[in-house]
Every structure is written in structure tokens, then in C-alpha cells.
Amino acid sequence: MESLAFKDDISGSVAAAANSLQLIAFSIGEQTYGVEITTVREIRAWNGATPLPNTREFVRGVINLRGTIVPIFDLRARFGEGQTSPTKNHVVVVMSVGEKWVGILVDAVSDILTVAKTDIHNVPEGNSIDTELLNGIVTHESRMVGLIDLHAVVSGAKMDS
Amino acid sequence: MSDLDDFKATYFDECSELLLELEEQFAAIEEGDRSSDRLNAVFRAIHSIKGGGGAFGFQGLVGFAHAYETLLDHVRDGRVELSEPVAALCIRANDIVADFVAAAKDGTELEAGYGAEEKHQFDALTSGDPDMAGEPMEEFDIDFVPVMVTIAGAEDDDVVAEEPLSLAVLDDAFEAPPLALEAGHWIIRFTPHSELYARANDPLLLLRELGTLGDIKVRAVLDEIPALADFEPFGVYCSWEITLSSDTVTEAAIAEVFEFVEGNCDLEITRREAPVAEAALDAQIEAMPSFAELMADVTEPVAAIAEVEAAPTAELLSFADLAESLKPALKAAPPLMPPPLKQAAPAEEFEGENDRRSGAEDRRNGVQSIRVDLDKIDRVVNMVGELVITQSMLTQQMDETLRARYQELVRGLEVLAQTTRGLQDSVMAIRAQPVKTVFSRMPRLVRELATKTGKKIRLETIGENTEIDKTIIEQLSDPLTHMIRNSADHGIESPEKRLAAGKNESGAIRLSAEQAGGNILIAVEDDGGGINRERVLQVARDRGVVGPEQALSDEQIDQLIFAPGFSTASEVSDISGRGVGMDVVLSNIKKIGGSVHVKSWTGKGTRMTLRLPLTLAVLDVMLVKVAGSPYVIPLSSIVETIQCARANFSRMPTGGQVLQVRGEYVQVVDLASRFEMTTEVERDNRFVVLCEAEGGVKVAVIVDDIIGQQQVVIKSLEENFQSIEGIAGGTILGDGNVALIVDVQGLKSATAAHKSAA
């Protein structure tokens, strides 16, 4: 009986995982955004970056992450709200996008959220930047959390593109 | 199936090495070296390729390789002369084998009948020979066709009968004369018991000993060999009948030979006064006592030996005790696997066995290399790179006060620095390979070119044991091919022209490699007519590469053959006589951080030199600062540095700047404005770094500050990001920050593009 109970427990949690999503939530100003927790590799404090020439303003440069060079994207600048003036309190969330690792510069990491997949809403049509950069919207404690589309965020980094 | 795939991968690895070896051997054979070592090496290579191919069932490959091998065998034996056409056929055959291997590797099918013509030629060459012509493939040892063995069958005596037990080996070994003639004949029947083998006696040694007494003729008696199903692994089924011809030998002398095995064998020595005819001997063998009887009482103890050997920890009891105690276990034991046939003919097999064993031992002792995945080595190289950086960072952290206070620490750091350096060198040495691997492909290229162009060309190679990083070697093949093709096509004149110019009828191309400091220089020289500068300049002007009024030095004209866009069009090469695929040379060499230089003497020849870094992993750089960020410029491309205050700038009408240095006007690139950054450093306090891009074109790069020289490990930007114009990559400095590597060539061409766009 014991083993059976154990089995039930496992399958229960698997079922829960299949239907829900864990997010890392972070803030830019007043707004909260989230990315799926499985894509996050590391969270580190802002410690400067070497600027890259001939790139768009939202590419803050590159950092050394244990021997590999990782680009840092300024999410605020990506949303067209001007460059962040980073301090030691700002945070870089290192994530994997496909085969590549990238860092996203945000103001702070706020929470880990578990949301049901059924609670994800589509992004309303309107501002093209919003629809381009967000995968969807969820509500958490009556606040809107935008789900970041990482592929869209890191694309178009070159000056000419 | 992954195991099989592993084996296949290994096989293809081996094949590529063997094919390379073939090239090398034939290059030497072409030069007239017809030594048997070369032929044997070729034979071995083809045999190995065929062997593996058979194991994996690559029928086409095996079929072709077999025919080729037969030819080689004939050549080796001197039955077919290795004449020019035969050598040419062999070289073509190598290509075909390579194609078969490639097809097998990619899983593609070659067109039916591929290589059939060559195969036909092989057969034609070898068919003059009666004992090889009709040789069926099946007899070849490489055809690993699984054979079903009936173990339970009772009446299959013929299974054994089919096994050809060649006694010729023994006969030959003793060079037995035809039976007869001598007065004294001893017939010795020697039937070993299993104990004889258990005590590590070797019948062969006894027979040899006998052979010292007089002429002997040995005949193995194999009648007792049972059906395979009844075969005991430790059973003894073979006895010998020896005819010893000698006047002087006594029975005692013969018995003495067998003294050590007394009691472990049945020995019957009889004297024959008259010569024994072969037929009579046969009759005697027929009449021999039943061996099965003799065997009956030894079978089980022998099996017991197997048990003892299987359990080496078991104490060595007396033989009889053991046999007793093991009997029940033996009865219950599962049926034994069919034994190898050598049980039946120990003497014959033994010699071969010994040879094989010693061969294997040689191989074991001779193993001087192991196959390692390149990725694994690269990982080590990368980590050593990190270690170098960390070590230099630690050293930088030591200031004077620390040095005075912690002398032990200082000493430790010094040792660390030394060890790190040593480690770095050793790791780089692992990746290093002699350039021979590339050079060896060139002789045949020259040969083909000579045939195509109707010229006479010899190729000299010098310094082919110079070692370079494997990655660089891999990138060298294409550029070298183009350079040599260029030399042969356009550099070397036709024999008539050469004779008219008072030169040797056959032209020479010299391929050389040498190490010069941290670089490897690879030069392709020819003694041809040199670059036709007038034509090159004319074409360059026509195509707008050079302005109509622009005057160029001879050297600059020579470099034009590498100018982008200059050599790509085929009509240019037709007109200019130079420049076939030279853009490939330039781009490949540039990719691996090298440079190309060409020097030509009219009527005397041309020399093209590739300057290559020893390794790709570590780069010597100058560390500079632009707008507060660190950048590095490869030291290999820097000509000199000048303080801006002392530099002689001139303004161009369009507002651009040029730098006048040593009578040359050089394009100026201000890194800060080029990278669209603002700098607060006064113009006069900044520096000019004069760099040389490919083709000897200079560019003056203005930076804010020069910090110093150091070694860095190149890191890719593309790995996590993408390539950026004017940046060749990144690197990590001692303080952990990222510095970008300036791509001088890219900077120059990109600036040109900017200008033309504007």
C-alpha cells in the first residue's frame, strides 16, 4: 500500500507540473515580467560589461561568465524606454535561449510564481513592441505579469538589422 | 547498434590515416624508391582497409580492394613490374579506394561499375599468373562470414575431415628429403598424453631435437580427431610418426630426447633396415592402436585442469585429488564450446601461436600513440588557457609590499608561472602535427598539373616535419593547393620557353616550412617567369581596383593578385596569368590569423609566403584602451606605434584623414569614432597603432592609450551572440573583464564600405 501511495503522489505532482508553469518574476520600474524558470541559468549582480561597438542601444555589452563571453541585453532599452543606469543593485538574469546563453539586465528579481497554463492570456493587439516581445500575460495577485519572448528580445541586435 | 557504430567510426578514422599513408608511400615510390618496405606498407594499408570493409560488409570496397591487393601482391613478389603505368594505375586505384571508403562512410552508393575499368586492368596484369589468376575471394582471410557450427551432430566426422590441417609447415621446416636411401631408419611413434601438455611440454621442441640427430620426416596422425561435438577442449587427439634417417643414432639417443616426457606419452621406437616406402608408412599408420582408448582415462582429469585454470585462487592440490573432487561438478557443467582446432594439431599450431604472441607483444610495447577525441584535447587547451590567465592575474596582484612580506608566496607564484608555461607548451604539442600531412598530398597534384599543362615540373619539399597546430594544418590544404596550382599553371613556363630563356627544361616548385619565432613560415617558390606586372596593373586599372593615375611600386603590384574581387573572375586569371583562386588563399589564411606575402623576380620566379601562428589558442596582443574600454590588437599585425602629437596627419578633401609615415600615405581609422563612442582623451595624448592588413596594406588605428603586451586566449563572440563588424572576437583579461579583439582587415574594408556608401 505504501508504495502505491508513493506512486500516486508522484503522478499527482507530474500532472501538476504538466499543467502549470513556474516563472521567475523580475521588475523593470513598476512593471513585472517573467520568464520560465527552467531557462534561467544564473542570477548575478550587475558588475559592468564591456560595450560592443556597432550594436543597438539595448545591447549593453559582454561579460565574462566563467570563461565564456555572454552578451547582456538591457530589457528596459529593449522596450524602448531608454537605457537603464545600472547600479550594483541591478541584476543580470542569465538565461539559455536555444544553444546560446544571454544575460538580461533588470532592476530586481522579485519572486518565483507558479501559474496554471490555462491562466495565460494572449497579448492584446496594439503596440507592436508588446506583441513582439511578449508571449502572453498572466495575472498574479491582481498584477499583470508579462511573459518575455526571449528569442524576440535577443534578435535584431546589430545596427543594420 | 551503437557499439558497431563506434567500431565503424574507428574504422573510418583508420581508413583516412591509411589513405594518407598510401599517398606518402606512393609519393616516395614516384621518386624512384622501389624498396620493399614501401610496397609492404602499401600492401598493409590496402589489406587493412579491405579487412575492416569486409567486417562491415562494404562489398564494393572489398571487391575492388581485393583486386588491387592481388596486383600489389604480384608487384611485391616481382611477378608484375612496378613500371610507370602500373604506378599510375595504383595511384588512381588509391583514389577509387578513397571514394569507396567515403561512400561507405556517408552511406551513399557509387554508380554501378565504378572502378570496374581499373579492376579489369588489375586482373589483366595479374592473370598471366596461374596460381593467382583464378583465386577465389572466399579463400581470403578477411571474409568474416559467420559459420554455423552443428554441435549436436553425431555423424559429422566430415566436419573435421574438411579442416585442412596442413603439414607442409612441418615438412618444410625440417626439409625432409624423400624417404629412402640411407641404411639406418628409425620409426618413432610418439603419442603424447594430455599430461604432457599440462606440464608445458611442447612436442615441436621434441621434434626439433629429434631433427638434430638426423634427417627426419614427420607425419601427424589425425585419425583420432573426433567430431566437433565430441571435442574436448583439453583433449589430445594428435600423435606423430617420425622417420629418422641416420646411420649413427642409437635407440638410447632417441629415447633421451623424450626423457623429459617419459610417462606422459606413448613412445614406440622401431628400427627399419630398409627404406620405407610412403605407402608402407601409411599402412603402418592405419594399424596404429586406437587412440580413443588412450584418451578415455585422461579426458576427465584434463577437464579438471580447465577448472583449476578457471579458478586460479584454488590451491594446487595433487592432480588426482583434484580430479576426484571436481568430477561431480564437471558432470553438471554445461556442454563446452567447440574448441579451436589447434587442440588437434598442437605442434603445427604452436609455432604460429608463438609468432602471433610475440607479434602482439611487439605491438603492445610498440604502442606509442593513442587515439583521443579532439574535443577532449580542446577542452584541456581551453582550461590551460584559463589557467594561464589566472596565473598572470595572480602575478599582477602582487605589489611591492606583498612581495617583501610574503617571499614564499612569491616563490610559489614563480614556480606556478613556470609550470603553467610548461603545461601550456605540452598541451600545444599534443595538438601539433607535422606539416607532412598536407605536404604529402602535393606531389601528386604537381604530377597531375604537369600532365595537364604539358610542362615538366619537379617538386621539392623542405622542412616537412615542422609542426603546427592541427586546426591550422586542416586549413592549409586548400590554400597550398591553390598556390601550387598557380605556380604550376602560370609561374612555370613551357619547356620550350624555359630552354629559350636558358633555364633547365623542367621547372622547380619548392614547398618549404620553417618555424620563425612564434610563427610558421610556409613558402611556395617557383623558378618560373615571375608575375607579369604590366598585365596585372592593366587588369587592375581596367577593373577599377587601382585608379588611373595611381602609381604603384612593384611590390604593391605583386600584392594586387590577392586584392578582393581582383582574382575571383575567371577572365582575369586568363588575362593576367595570375590569381586563380588566390582569394581562397587569402581568406583561408586570414581565417586562421595568418598573412600572405608575395615576392616576384621577373624572369626568375615567384615566392609566396604564408605566415601562420604556431597555435590558434593563444594570441600575442597589444592591449589598448578606447573610450574607457579595453581592446586588443594582434601583435602580428602591428608594424609600429606613434604618439599622435608626433604623427604627421593630413586632411583629405572629403574631411577624412591620412597619415604620412615613411613616405607612405596611410588610411586613418579612429577607433572611437569608428565604434561610435565618445572619448575624453585629448587628441595629442592618443596613439597611432600602425597595422598591416593582408596584402601589405597599412592602416593607422587611433586609440586612446596603449597599456601593454600580453598573451590572450581567443573567445568566440558568436558562441552566445553574433559576429560584429571590425571585431574578430573577444578575450578575457587578467581582471576578469572582457576585451574585444580588433579585426584590422575587417576594420579597413568596412571603413572603405562606409566611405563608398557615403
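Annotations for the structure displayed:
- Only one entry in B:T451, B:T437, B:T471, B:T481 is of a type in the set (S, T, Y) and farther than 18 Å from B:L521 by Cα, namely B:T451.
- Verdict on B:V75 being more than 27 Å from B:P443 (Cβ to Cβ) and at pLDDT 80 or above: no
- Qualifying residue in the range B:13-36 (condition: more than 23 Å from B:S440 (Cβ to Cβ), out of contact with any strand residue (DSSP E or B) (no Cβ under 8 Å at 6 or more places or on another chain) and either surrounded by 13 or more Cβ atoms within 10 Å (Cβ to Cβ) or not assigned by TED's automatic domain parsing to the domain that holds B:T126 (or both)): no
- Here A:P51 passes the criteria (1) in contact with a strand residue (DSSP E or B) (Cβ under 9 Å, 6 or more places away or on another chain); (2) within 24 Å of A:L147 (Cα to Cα) except the one numbered (2).
- Within the range B:96-115, tally of residues that are assigned to a helix (DSSP H, G or I) and open to solvent by 50 Å² or more (accessible area, probe 1.4 Å): 3
- Of the residues making up the range B:387-420, those that are within 39 Å of the chain's Cα centre (by Cα) and surrounded by 14 or more Cβ atoms within 10 Å (Cβ to Cβ) are B:L387, B:V388, B:I389, B:T390, B:Q391, B:S392, B:L416, B:A417, B:T420.
- Subset of the range B:662-687 that is open to solvent by less than 30 Å² (accessible area, probe 1.4 Å) and not in a strand (DSSP E or B) - its residue that is farthest from the other protein chains (Cβ to nearest Cβ): B:R686
- Of all residues in the range A:16-42 being away from chain B (no Cβ under 14 Å) and among the acidic types (D, E), the one that is surrounded by the most Cβ atoms within 10 Å (Cβ to Cβ): A:E36
- When the test is whether a residue is modelled with pLDDT of 80 or more, within 17 Å of B:V624 (Cβ to Cβ) and open to solvent by 10 Å² or more (accessible area, probe 1.4 Å), B:A700 does not pass it.
- The range B:501-517 - residue that is open to solvent by 50 Å² or more (accessible area, probe 1.4 Å) and outside any strand (DSSP E or B) and, of those, nearest to B:A432 (Cα to Cα): B:G517
- Considering residues of the range A:111-133 that are assigned to a strand (DSSP E or B) and in contact (Cβ under 8 Å) with a residue 40 or more places away in the chain only, the residue farthest from A:F73 (Cα to Cα): A:A116
- In the range A:24-75, residue nearest to B:T678 (Cα to Cα) [restricted to those that are among the hydrophobic types (A, V, I, L, M, F, W, C) and assigned to a loop (DSSP other than H, G, I, E, B)]: A:L52
- Counting the residues of the range A:43-54 that are surrounded by fewer than 22 Cβ atoms within 10 Å (Cβ to Cβ) and either closer than 21 Å to A:F26 by Cα or more than 7 Å from chain B (Cβ to nearest Cβ) (or both) gives 6.
- The range B:31-60: number of residues that are within 20 Å of the chain's Cα centre (by Cα) and either at pLDDT below 80 or charged (D, E, K, R) (or both): 4
- The number of residues in the range B:693-730 being part of a strand (DSSP E or B), more than 14 Å from chain A (Cβ to nearest Cβ) and over 37 Å from the mean Cα position of the chain (by Cα) comes to 9.
- Any hit, the range A:138-150, residues being open to solvent by less than 80 Å² (accessible area, probe 1.4 Å), more than 10 Å from chain B (Cβ to nearest Cβ) and part of a helix (DSSP H, G or I): yes
- Listed conditions (1) farther than 20 Å from B:R441 by Cα; (2) touching a helix residue (DSSP H, G or I) at 6+ places or on another chain (Cβ under 6 Å) are all met by B:A41, apart from (1).
- Output for the range B:624-649, where each listed residue is in contact (Cβ under 8 Å) with a residue 60 or more places away in the chain, among the hydrophobic types (A, V, I, L, M, F, W, C), within 12 Å of B:I706 (Cα to Cα) and surrounded by fewer than 20 Cβ atoms within 10 Å (Cβ to Cβ): none
- Residue tally, condition part of a helix (DSSP H, G or I) and either within 18 Å of the chain's Cα centre (by Cα) or modelled with pLDDT of 85 or more (or both), over the range B:451-474: 5
- Residue in the range A:87-102 that is over 23 Å from A:T55 (Cα atoms) and surrounded by fewer than 17 Cβ atoms within 10 Å (Cβ to Cβ) present: yes
- Residue selected from the range A:55-80 under the condition open to solvent by 10 Å² or more (accessible area, probe 1.4 Å) and more than 17 Å from the chain's Cα centre (by Cα), by the criterion nearest to the other protein chains (Cβ to nearest Cβ): A:N64
- Of the helices (runs of 4 or more DSSP H) contained entirely in the range B:315-429, those carrying at least 3 residues that are away from chain A (no Cβ under 14 Å) and modelled with pLDDT under 75 fall at B:319-332, B:346-366.
- Residue in the range B:37-67 that is most open to solvent (accessible area, probe 1.4 Å), counting only those that are farther than 21 Å from B:L125 by Cα and not hydrophobic (A, V, I, L, M, F, W, C): B:Q59
- Looking across the range A:101-129, the residues that are of a type in the set (G, A, S) and either under 13 Å from the mean Cα position of the chain (by Cα) or over 17 Å from A:L23 (Cβ atoms) (or both) come down to A:G103, A:A108, A:S110, A:G126, A:S128.
- Put simply, of B:L659, B:L733, B:L740, B:L690 the only residue that is within 14 Å of another protein chain (Cβ to nearest Cβ), at pLDDT 85 or above and open to solvent by less than 40 Å² (accessible area, probe 1.4 Å) is B:L740.
The values are calculated or read from the model by the stated rules, or taken from the named source; none is laboratory data. The shown structure was predicted, so the numbers you read here are calculated from the model rather than taken from an experiment. For neighbour counting, all protein chains shown are included, and Cβ atoms are generated from backbone atoms with ideal geometry for every residue, glycine included. In case anyone asks, the SASA skips ligands and DNA or RNA and just uses the protein heavy atoms, side chains included. Shrake-Rupley method; radii C 1.70, N 1.55, O 1.52, S 1.80 Å.
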